[in-house]
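Notes to accompany the following structure.
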Amino acid sequence: MLMTSEVTTTIGIYLFPKVEVLDFAGPYEVFTTAARVAGRRNPDAPPLFAVFTVAATIEPVPAGAGLRVIPDFAIAAHPPIDVLIVPGGVVTAELARPRVLEWVRMTAQQAAVTASVCTGAFILAQAGVVTTQSVTTHWEDLADLQTAFPLLRVVGGVRWVDEGRVVTAAGISAGIDMSLHLVARIAGRELAEVTARQMEFDWRQDF
């Protein structure tokens with residue numbers, strides 16, 4: 001396990017314009033559902049997870065397909081983050097924002113785990129969070145990721161790649177599989193399985 005369940009693990013999810021909705025909403029649902037399930041089992045314990053969103057500012061974020069999301073915090077001031085999740089989407093603008101990249105780099109240094117979904121792997125690479133590790137991303141972007149960051153070992157045909165402090169997921173719904181995997185690391189496989197059942201999700205546990 002990553003940490004004990006006797007303390008609350010904070011999950012910070014980064015939002016940005018044109019972020020893919022399921023990339024952030026899937027992990028959000030997994031961790032909040034796991035916290036709810038764990039809370040029913042042990043109501044006297046601290047919450048297992050505290051999940052919040054972070055963006056460059058607290059202004060509403062125009063996500064993919066026109067959904068507008070109000071972030072909980074700005075990158076300038078937010079609670080400590082134990083698990084940082086960087087979703088994907090249209091990331092071109094994010095790759096050219098030094099302030100955001102520096103925040104990702106610094107937050108990843110302090111977090112126990114940094115995870116990406118889909119093209120969020122490009123942000124991690126641009127920020128220097130991943131340099132030579134094995135990573136994955138959406139199948140359409142595998143070649144581009146390898147070309148842009150040739151020292152990375154880009155892996156296709158998997159749902160996620162776990163490199164310890166960095167975990168990367170393939171496209172969109174794969175972020176749910178990866179998040180359940182992280183629940184299993186933090187609090188045990190049985191809770192992850194119950195969480196998947198509560199969500200009526202067919203969890204692919206074999207990467």
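May I ask you to list the GluC sites (Glu not before Pro) in the range 145-207 that are in a DSSP loop and have at most 11 other Cβ atoms within 10 Å of their Cβ?
The qualifying sites are GLU200.
Hey, got the dipole for the chain? About the Cα centre, +1 on K and R Cβ, -1 on D and E Cβ, debye to the nearest 20?
So the dipole magnitude of the chain works out to roughly 220 debye.
Give me D for the chain in µm² s⁻¹, whole number, from Stokes-Einstein with Rh from the Kirkwood sum over alpha-carbon pairs, 37 °C and 0.692 mPa s. Present the calculation step by step, with values, prior to reporting the outcome.
Values: Rh = 16.7 Å.
Reported coefficient: 196 µm²/s.
Given H placed on each backbone N at 1.01 Å, which residues far from VAL61 in sequence or on other chains put an amide H within less than 5 Å of it?
Excluding prolines and chain starts, which carry no amide H, the hits are VAL69, ILE70.
Assuming 0.36 nm per residue, please report the length gained on full extension of the stretch THR132 to GLU6 beyond their Cα-Cα distance. Kindly include the intermediate steps, with their values, before the conclusion.
Working: separation 126, 0.36 × 126 = 45.36 nm, distance 3.41 nm.
Gain on stretching THR132 to GLU6: 42.0 nm.
Where the centre of each part is set by its Cα atoms, how far does the range 1-80 sit from the range 167-194, in angstrom?
Here the two parts' Cα centres lie 14 Å apart.
Place +1 on the Cβ of every Lys and Arg and -1 on the Cβ of every Asp and Glu in the range 58-156, take the dipole about the Cα centre, and give the residue among VAL117, VAL104, PRO71 whose Cα lies farthest towards its positive end.
VAL104
I'd like the distance between the alpha-carbon centres of the range 85-118 and the range 128-148, rounded to an integer number of Å.
With the range 85-118 and the range 128-148 each reduced to a Cα centre, they are spaced 14 Å.
Placing +1 on the Cβ of each Lys and Arg and -1 on the Cβ of each Asp and Glu in the range 122-198, which of GLY188, VAL154, THR168 has its Cα farthest towards the positive end of the resulting dipole?
GLY188
Restrict the search to the range 1-109; then list the GluC sites (Glu not before Pro) that DSSP places in a loop and that have at most 13 other Cβ atoms within 10 Å of their Cβ. It would help to have the intermediate numbers written out before the result.
Details: sites: GLU6, GLU20, GLU29, GLU94, GLU102; in loops: GLU6, GLU20.
Listed in order of number, the matching sites are GLU6.
Taking the Cβ of VAL135 as the centre, find all other residues whose Cβ is under 12 Å away and add up their charges (Lys, Arg: +1; Asp, Glu: -1).
Its environment carries a net charge of -2.
Out of all DSSP beta bridges in the range 3-158, what portion is antiparallel? Express it as a percent rounded to 5. Don't skip to the answer; put the middle values down first.
Details: 4 of 21 bridges.
Once the DSSP bridges in the range 3-158 are tallied, antiparallel ones form about 20 percent.
Place a +1 charge on the Cβ of each Lys and Arg in the range 101-207 and a -1 charge on the Cβ of each Asp and Glu, then give the dipole magnitude about the Cα centre in debye, rounded to the nearest 20. Before the final figure, lay out each step's value.
Details: 8 positive and 12 negative charges, 58 e Å.
About 280 debye.
Pairs of Cα atoms under 8 Å, at least six residues apart: use those to get the relative contact order of the range 8-54, whole percent.
So the answer I get is 60 percent.
If I take every Cα pair under 8 Å that is 6 or more residues apart in the chain, average their sequence separation and divide by the length, what percent do I get for the relative contact order?
22 percent
So, counting K/R as plus one and D/E as minus one, what does the shell of residues with Cβ under 15 Å around VAL90 add up to?
The answer is -4.
Can you give the FRET efficiency to the nearest 0.05 for GLN110 and VAL90, using r as the Cβ-Cβ distance and R₀ = 25 Å?
E between GLN110 and VAL90, to the nearest 0.05, is 0.35.
Net charge within 12 Å of VAL155 by Cβ-Cβ distance, Lys/Arg positive one each and Asp/Glu negative one each, not counting VAL155 itself?
0
If I compute solvent accessible area with a 1.4 Å probe over the protein chains, what percent of it on the chain is carbon and sulfur?
Carbon and sulfur atoms account for 56 percent of the accessible area of the chain.
The values are calculated or read from the model by the stated rules, or taken from the named source; none is laboratory data. What you are looking at is a predicted structure, and each value in this text was computed from that prediction instead of being measured. Don't worry about glycine lacking a Cβ; one is built from the backbone with ideal geometry, like all the others, and counts go over all protein chains shown. These area figures cover heavy atoms from the full protein model, side chains too; ligands, DNA and RNA do not enter into them. Shrake-Rupley method; radii C 1.70, N 1.55, O 1.52, S 1.80 Å.
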